[in-house]
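One structure below.
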Amino acid sequence: ETIYLKGEVITFPKLLPEQLADETLVSNKVITEGEPLILSKIPLGKYKLIEIKAPPGYIKDDSEREFEFTAQASTMLVDLKETLPIKNQRQKLNLELKKELFSTEYFIDYGFENIVLGLYTSDELLGLNPDSTIAIVTPDENGIITIEDIPAGNYYLKEISTKDGYVLSESMYNINLVADESAVEDRIEIIQEPIINQPSVKDIKITKKDSDTGYPLVGVQFNLFAIQADGSKIIVNNPDTGDHIFITDQNGEILLKGLPYGNYFLEEIKAATGYIKDGTSKNIAVSDESALEIKVENEATRVGFNKTDANTGKSVIGACLRLLDQFGNIDYLDQNRYLTNDRKNGQPAEWTTDGTMYYVNGLIVGHQYTVEEVTAPVGYHQVDPISFIVSDNQGIQLTNIPNLPFEPKIKTKAMFENGTKTAYPAEKLVVVDQVSYVDLIAGQKYTLKGKLVCKSEPGNIIAEAETSFIANNSSGEIEVRFEFKGESLAGKELVVFEELYFKDKMIAQHKDLNDSNQTVKIIEPKRIETSAELTKQPEKPETFDNSENPLLWLSLGFLSLGISLVTYILCKKKTKD
């Protein structure tokens with residue numbers, strides 16, 4: 001079939017659409033080889049050169065290259081077009097995988113510090129021997145590991161080091177990177193299955209005990225914190241309760257099963273009843289070398305009771321005291337003087353002071369207690385109850401209970417035996433001194449020693465007396481009798497001095513020359529005139545008159561009349577009634 005006429009310019013084969021679709025007749029694709037490709041006998045016209053498939057492992061060049069073939073001068077055999085080199089970039093294969101830390105029931109660990117992995121060749125590749133290191137990588141803050149621009153080939157990934165407290169993985173993770181047959185872009189090979197590290201764990205038992213007795217402490221509450229590498233802390237969950245509080249059991253223990261390795265600190269948030277909360281944190285390192293049991297101690301509250309002399313501050317013996325709770329009920333103590341609710345086996349908190357401090361342990365912090373004096377020490381006044389509140393301070397909380405000592409005093413009231421304060425001179429006179437006393441010790445023996453002295457001459461002792469007695473009560477009275485010759489003491493005032501002795505030691509005295517109560521007087525006797533003196537005429541006129549006075553008799557008459565009249569009226573009234 002004639003397609004072109006002589007002299008016409010050949011521009012494009014005039015083929016039917018069916019012929020163009022028949023690839024046995026027409027092909028618009030060429031494949032490059034190792035040498036430059038030359039296409040000849042291309043009909044004149046405009047063309048586009050487009051790469052539709054790159055070599056395996058290379059990215060297709062999407063550039064469009066346009067050419068136009070035109071008729072040339074008669075001297076030119078062909079219209080030669082040469083393209084610029086078509087360059088294909090190697091497809092970059094990137095590897096991405098995720099590192100995860102196995103979450104325990106205690107806390108979720110987010111840090112990935114100290115984790116290092118290596119990528120190695122599995123086979124000979126690009127001149128590298130098997131097991132050659134391709135890359136050393138670490139995960140980012142989210143645990144993502146990225147290795148970029150890796151040639152296609154077979155590799156394996158292995159963990160070099162891991163985070164503290166986790167088990168180093170001995171597994172090798174095989175990776176086969178294959179380039180795209182027809183690549184259009186770089187490719188990231190994502191390994192879906194994460195690499196997981198299991199934590200190293202250990203069972204740890206925390207034991208809480210009394211620092212003095214070793215008693216297990218029940219009901220102590222703690223928070224536990226895991227310390228991260230950057231110094232931050234994560235509060236640890238209690239898998240048994242779902243909160244963050246760990247509480248000691250009846251044995252004073254907390255068992256932490258499978259606690260991950262690492263550093264922790266234990267913080268006490270509530271002490272046992274009657275104990276002082278520990279304000280310090282307990283550091284705990286869980287590792288291969290760490291102990292399986294962590295012992296933590298608490299100090300019980302300790303209150304000391306001291307019975308003292310209010311004047312000297314010295315300890316006093318013999319007082320009976322008892323301890324009452326805030327409701328006025330007597331407390332009970334165990335054999336170590338710890339507060340107890342076991343009234344069957346405990347003893348009432350009642351004791352007698354012996355001159356030393358009496359300690360009571362385990363009183364509840366913040367509660368009010370009262371110490372009551374049942375009986376006072378001998379020679380002391382009884383004190384009122386003393387209340388106090390127990391603080392959470394460590395050491396001894398001292399409660400002083402001062403007693404005022406008795407201060408014996410005496411007073412005297414002297415009079416003659418007949419009950420008068422005066423008497424005439426006589427051969428034998430008796431002065432009775434009524435001595436009143438206060439602040440003596442009931443049941444004890446005392447001695448009164450008295451002296452009767454002349455007021456005008458205190459050094460002149462008229463008489464002495466001594467009386468011993470046993471005081472029935474702290475106050476009372478006793479008599480001291482002084483017998484003496486008084487015929488020569490007319491006109492003299494006598495004063496009683498008294499001294500009170502206890503066990504040969506003077507404890508009180510009363511010596512006041514001007515105290516009228518302890519003073520008596522011997523008065524001058526009345527003068528009796530003789531018969532000669534009665535008949536003797538006075539040498540001088542006397543001022544008194546012995547004659548009878550009529551006015552006196554008249555007054556007496558009127559008085560008698562008045563009495564008779566009153567008597568008559570009263571008798572008449574009585575008869576009428």
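A few remarks follow.
- Volume of the Cα convex hull of the range 291-354, divided per residue and given in Å³: 164 Å³
- Each of D334, D288 was scored by other Cβ atoms within 10 Å of its Cβ. Arranged with the fewest first, they read D288, D334.
- Whole-number D in µm²/s for the range 93-197 (Stokes-Einstein; Kirkwood sum over Cα pairs; 37 °C, 0.692 mPa s): 224 µm²/s
- Dipole of the range 302-403, positive direction: furthest Cα of T375, V365, N306, with charges on the beta-carbon: N306
- Ranked H381, H510, criterion: other C-beta atoms within 10 Å, fewest first: H381, H510
- If only the Cβ of Lys and Arg carry +1 and only the Cβ of Asp and Glu carry -1, the dipole of the chain around its Cα centre is close to 4140 debye.
- Environment charge of Q91, counting only residues whose C-beta is closer than 9 Å and scoring Lys/Arg +1, Asp/Glu -1: 0
- Cα gyration tensor category, rounded, prolate or oblate, for the range 215-331 with a/c compared to 1.5: prolate
- Cross-link pairs exceeding 22 Å between alpha carbons, from the set K451/K485; K485/K526; K98/K163; K409/K521; K314/K449; K455/K503: K409/K521; K314/K449; K455/K503.
- Translational D in µm²/s for the range 450-533 (Stokes-Einstein at 25 °C, 0.890 mPa s, Kirkwood Rh from C-alpha pairs): 162 µm²/s
- For the chain: span of alpha carbons on each principal axis (Å, largest first): 222, 60, 57
- Partner aspartates and glutamates for K428 [C-alpha distance under 19 Å; skip if fewer than 8 residues away on the same chain]: E417, E464, E466, E479, E483, E487, E493, E524
- Residues of type aspartates and glutamates that K99 reaches as a straight line, Cα spacing below 13 Å, ignoring anything fewer than 8 places off in the same chain: D109, E113, D140, E141, E159, E193
- With all projection directions averaged, the alpha carbon convex hull of the range 251-315 covers 7.4 nm².
- Straightening the chain between I50 and I191 buys 47.3 nm, computed as 0.36 nm per residue apart minus the Cα-Cα spacing.
Where a number appears in this text, it was derived from the coordinates with a stated rule and is not lab data. The shown structure was predicted, so the numbers you read here are calculated from the model rather than taken from an experiment. Cβ coordinates were reconstructed from backbone atoms using ideal geometry, including for glycine residues, and neighbour counts include every protein chain displayed.
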